[in-house]
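Enquirer: Can you read through this structure? Questions will come right after.
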Amino acid sequence: MEKRPDHEPEESRERGVARPGADDLWDRLGVDVEAMNPRAQVVTSLAVLVPVVVAAVSVLFLFTNFWWLIFFFGWAIFPAFGLLLRGIAGLSEGEGRGEIPGGNSKERELLGVLREHDEVSPTQAAMETSLTVEEADDMLKDLATKGHLEVRVRGGGIFYGLWRADEAEKRGLEEGP
């Protein structure tokens, strides 16, 4: 009688077929590769590759009687090399760039929405970020009070947007020398 697991692997549910591979190995080791940024992927892969390569070279040249240990270390090369390539590809696509550690992630989300849209209301900002309407409203008011955003009233609603170049020029002319 064939013994089957009482549950299906997550990958088989998502994609229809279980796919053993490098991601499966990292999952078994407790490393969530999908959640890592590209720099962390590169560092993790190098933390595995460098000792394995050093051990392989030392076995080949210093301890030649133990040449068979190459096969013991060799299993780690392929998943680590795959993770290295994945991290390098992520860095070249720009996924790891421009992130300031310790920055306010909620404010980053809000500014990302403002970059995508010409103007936003607090409700729209809350729908497109993890902020509540109250948090979005407070953050938008704070940015507008500090002069970073322009407040626009349209149809009875309050909208916040980045300063437009033509309006900034008018303000400079109005204030005068």
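Enquirer: Only residues that are in a loop (DSSP other than H, G, I, E, B) and touching a strand residue (DSSP E or B) at 6+ places or on another chain (Cβ under 6 Å): list them for region 121-162, please. First the steps, then the outcome.
Expert: Restricting attention to region 121-162, the residues satisfying the condition of being in a loop (DSSP other than H, G, I, E, B) are 121, 129-132, 146-149, 155-156, 162.
Selection gives Ser121, Leu149.
Enquirer: Moving on to the next point. Pairs only if they're at least six apart or on different chains, beta carbon under 6 angstrom, first in region 108-120 and buried (at least 17 other Cβ atoms within 10 Å of the Cβ) and assigned to a loop (DSSP other than H, G, I, E, B), second at pLDDT below 90 and among the basic types (Lys, Arg); list them, first residue then second.
Expert: none
Enquirer: Moving on. Scan (1) in contact with a helix residue (DSSP H, G or I) (Cβ under 9 Å, 6 or more places away or on another chain); (2) surrounded by fewer than 14 Cβ atoms within 10 Å (Cβ to Cβ) for the single condition Val153 breaks and write down its number.
Expert: In the conditions (1) in contact with a helix residue (DSSP H, G or I) (Cβ under 9 Å, 6 or more places away or on another chain); (2) surrounded by fewer than 14 Cβ atoms within 10 Å (Cβ to Cβ), Val153 misses (1) alone.
The values are calculated or read from the model by the stated rules, or taken from the named source; none is laboratory data. Bear in mind the structure is a predicted one, so any value in this text is a computation, not a measurement. Don't worry about glycine lacking a Cβ; one is built from the backbone with ideal geometry, like all the others, and counts go over all protein chains shown.
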